[in-house]
Amino acid sequence: MSSREDIAAMRRHYGEVGLVEANLPANPLELFNSWLKEAASNEIVVEANAMVLSTVSADVPSSRTVLLKDLTEKGFTFFTNYGSNKAKSILENNNVSLLFPWYPMERQVIVIGSATKVSRSESESYFATRPRGSQIGAWASEQSSVLSSRGELEEKFKEFENKWDENEQIPTPPNWGGFVISPTSIEFWQGRYSRLHDRIRYVRDKNNNWQLMRLNP
Ligand SMILES: Cc1cc2nc3c(=O)[nH]c(=O)nc-3n(C[C@H](O)[C@H](O)[C@H](O)COP(=O)(O)O)c2cc1C
């Protein structure tokens, strides 16, 4: 295992390896997947699939972290409570951004796109794979609403814990499910020497082809 000092020194190495147009794939999801894999296997990147989701409703922006749980040609999927602030915001205005902050690798990816609910069956399939405690937690938490105390939440958890036998499958709460963000723009940022960072943005055109451009850092 590398020491912290060794890893910090590796940053300089990343600075040498940049984004070169000739080596970039036509589809940004391919590049995203390889960066995600590298982040996941980097021992100092915590929660490589964590992304900051920003929404705007009534002209007020808000951001929070969620976990990427699926990535297909349709887009980036996360799961949440459909009564939460973020879900209400999306239902009012489905233009969102996602930011993957892979600081130890001197990398950042920013996605802009539109969010839509995934199918109920997709949400149910994922819910079934969650640990039992998280499943009960999803029933107990009215995400984003005010609690009178921690005790109130724990009481609700106990209530739901007793609702199903240990061997019984816990159903997906009606107000819980996924959103998929269909990307219209994906920007890759790679730290380079002398602040001459690489910024490569892919933008989806009218014909659904990705156009690639390099931006000033
Ligand atoms: C590392 C991390 C991962 C998280 N993942 C999720 C998630 O996948 N879904 C979710 O609803 N909240 C997740 N949260 C909690 C959210 O950041 C947020 O507090 C919560 O969803 C309520 O947000 P809202 O009131 O803006 O709707 C996560 C928080 C952290 C720090």
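The values are calculated or read from the model by the stated rules, or taken from the named source; none is laboratory data. Since this is a predicted model, take the numbers as computed values, not measurements. Cβ placement follows ideal geometry from the backbone for every residue including glycine, while neighbour counts extend to all protein chains displayed.
Scanning segment 55-76 for residues that are near the ligand (Cβ under 10 Å from one of its atoms) and touching a residue at least 40 places away in the same chain (Cβ under 8 Å) yields 55, 69. Residue 109 satisfies every condition listed in (1) part of a strand (DSSP E or B); (2) touching a Lys or Arg at 6+ places or on another chain (Cβ under 8 Å) except (2). When each of 106, 92, 122 is tested for being surrounded by fewer than 16 Cβ atoms within 10 Å (Cβ to Cβ) and in contact (Cβ under 8 Å) with a residue 12 or more places away in the chain, the lone residue that passes is 92. Here 183, 174 are screened, and the one residue that is touching a residue at least 40 places away in the same chain (Cβ under 8 Å) and under 30 Å from residue 82 (Cα atoms) is 183.
Residue by residue, here is whether (1) in a loop (DSSP other than H, G, I, E, B); (2) modelled with pLDDT of 95 or more holds:
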site	(1), (2)
138	no, yes
146	yes, yes
157	no, yes
167	yes, no
172	yes, yes
186	no, yes
201	no, yes
211	no, yes
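Residues in segment 130-159 that are surrounded by 14 or more Cβ atoms within 10 Å (Cβ to Cβ) and free of Cβ contacts under 8 Å to residues at least 24 places away in the same chain: 6 in all.
Evaluate segment 109-132: report whether one residue or more is of a type in the set (A, V, I, L, M, F, W, C), closer than 14 Å to residue 180 by Cβ and within 11 Å of the ligand (Cβ to nearest atom). No. Scan segment 172-182 and tell me whether some residue there is crowded, with 17+ Cβ neighbours inside 10 Å, under 30 Å from residue 122 (Cβ atoms) and either polar (S, T, N, Q) or over 23 Å from the mean Cα position of the chain (by Cα) (or both). So far as segment 172-182 goes, yes, one or more of its residues are crowded, with 17+ Cβ neighbours inside 10 Å, under 30 Å from residue 122 (Cβ atoms) and either polar (S, T, N, Q) or over 23 Å from the mean Cα position of the chain (by Cα) (or both).
The single condition among (1) within 9 Å of the ligand (Cβ to nearest atom); (2) in a loop (DSSP other than H, G, I, E, B); (3) touching a helix residue (DSSP H, G or I) at 6+ places or on another chain (Cβ under 6 Å) that residue 47 does not satisfy is (3). Among the residues of segment 73-87, at least one is crowded, with 21+ Cβ neighbours inside 10 Å, at pLDDT 95 or above and not in a strand (DSSP E or B). When the residues of segment 193-207 are filtered to those that are touching a residue at least 12 places away in the same chain (Cβ under 8 Å) and more than 25 Å from the chain's Cα centre (by Cα), the one that is surrounded by the fewest Cβ atoms within 10 Å (Cβ to Cβ) is 195.
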